[in-house]
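Read the structure below first, then the notes.
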Amino acid sequence: MFDLKWILTGVGASLLASSTAIAQSEEPTERSPIHDLPPLAEPETEPPPRAEPAPDAPDDSVVGPSGSDAPTAPAEPRVAFGRKGQWVLLGSSNQLSLLRRTFSNSSAMYSDFSAELGIDSFVAKNVSIGFDLSAGLHDDQGYDITILRKSSSTSIAAGARFGFNLPLGQAASWWPRLTLGLESSHVETTDLSSSIGAPLAPPSSASSVGPWLNLYAPLLAHPVPHFVIGFGPRFAHTFAETRGGPYDGAQSTTISADFVIGGWWGGPARDPWTSERDGRAEDEDFAEPTKRVARAFGGAGELVLTTATDASISARFYSRSSGSSTSVNLAPALDYFLAENVSIGVDSFVAYGKSTAIDAAGDTVHASSTSFGFGPRFGVNLPLTHALSLWPVMEFGSGTVDSSQSSTSGVNQHSRQRTWIALTAPLLVHPATHFFFGAGPVFFHELLDKDQYDYENDATILGLSFVLGGWV
């Protein structure tokens, strides 16, 4: 259960393998995470029961992960989202990925390190400030139409964020946020070999340093305390101009609509005993008090959503260039605890993308990709303390990928059938009821990846990845 959007669609592969500037020109985003297993279409890798309250405890008692021996504690009052002192994490602006992917029957390989930390705090009622820090290091080797190409890139970015939450009742709000920052990126591209013996382009490099902005305005739903889900428009632009490579002088603009999952903790607190016994009325900062025992993660009947769930539509354009890309992604994923600490779930996705890119030799490359996948999974939650648990999950999946690249050099087209097994074991932190985040080891292996020519090229992934989610 980990985020593999770094495993690009055929479109993304074209941009990565065919351009020296696409990778480095991507803005330091609040990502529209990065969905879990199984991965979408790959780059071209082939050559031509619930806890009971303690006696006499108040109605709102809270416990840790289900089955934990940690003592029961008084629950926080149910506080409306956007109150002073609350801290917020969204899946679109937090990521950790340390992964290496190799293949059984080709020279392609991909190494990825990327990290992003984005935190927001409400400094006044419905007024938030935050920051976003990100860094990435990528070392990729994959196939263009006829060329085996290596690309190495680095990036670092930082930004300050400002937002205002507009309540739309107790169960919904609109939270536009503007992030302004600076980024620096560099990419080097080298052609290694040609399948048709064509001359290789000389090594090239491209760099950019400058400001960027990201405006995201999701409509949020608040199904339970501390957990939010939403969807909304995004506008992002990098003002830094690329220097060097086929995208020399270009800036990038992205317009999209993205799904997001997040959670919050902290904020105003009061003694629920005192407020009830003194008969004081609920003030405007507090929603209607919850009249039930607060459940722990892993209880029977709980439904879990993580950053494996995704939906987005996106278009990216480059100034002074014919380069562009569009994509549509739908990835519903759910887990359900059918018994205490025993979960079953499903990860599924449908994705489509197309692009026009400029490769290192200056040729225009057109690419498209359509992918589909479905993977049932099951897991066991292991409570460690009231605030920590380990959630190993195993998945078996199957899917298809249809991808194509074309340029003056020829056409590279594959229709592949895939089956895979995946294991994840994130250590989860539960800072508040209904919300968690964590990271842990991942293992992914394709049992079969065969194209229309019966060419089999199975992928294996080892690494570490981040997860964020909530439960109802």
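Quick note: the coordinates plus some simple rules give every number you see, no bench work behind them. Because the structure is a prediction, the values reported are computed rather than measured. So basically every Cβ, Gly included, is an ideal-geometry build from the backbone, and we count neighbours across all protein chains shown.
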How do 190, 242 rank when sorted from fewest to most other Cβ atoms within 10 Å of their own Cβ?
190, 242
Most exposed to least, judged by fewest other Cβ atoms within 10 Å, 434, 237 sort to 237, 434
Net charge (Lys, Arg +1; Asp, Glu -1) of residues whose beta-carbon lies under 11 Å from that of residue 249, residue 249 excluded, is 0
In nanometres, the difference between 0.36 nm per residue of separation and the alpha-carbon distance of residue 334 and residue 445 is 37.8 nm
Return the distance in nm (one decimal) between the two label points of a simple spin-label model at residue 164 and residue 182, each offset 7 Å from Cα along Cα→Cβ.
2.8 nm
Could you give the nm distance between label points at residue 84 and residue 303, where each point is 7 Å from its Cα heading toward the beta carbon?
3.7 nm
Between residue 257 and residue 364, with labels modelled 7 Å along Cα→Cβ, what's the label distance in nm to one decimal, could you check?
3.0 nm
Given R₀ = 51 Å, what would the calculated FRET efficiency be for residue 193 paired with residue 221, taking r from the Cβ atoms and rounding to 0.05?
0.50
Sorting 304, 472 on the 10 Å Cβ count, fewest up front, what's the list?
472, 304
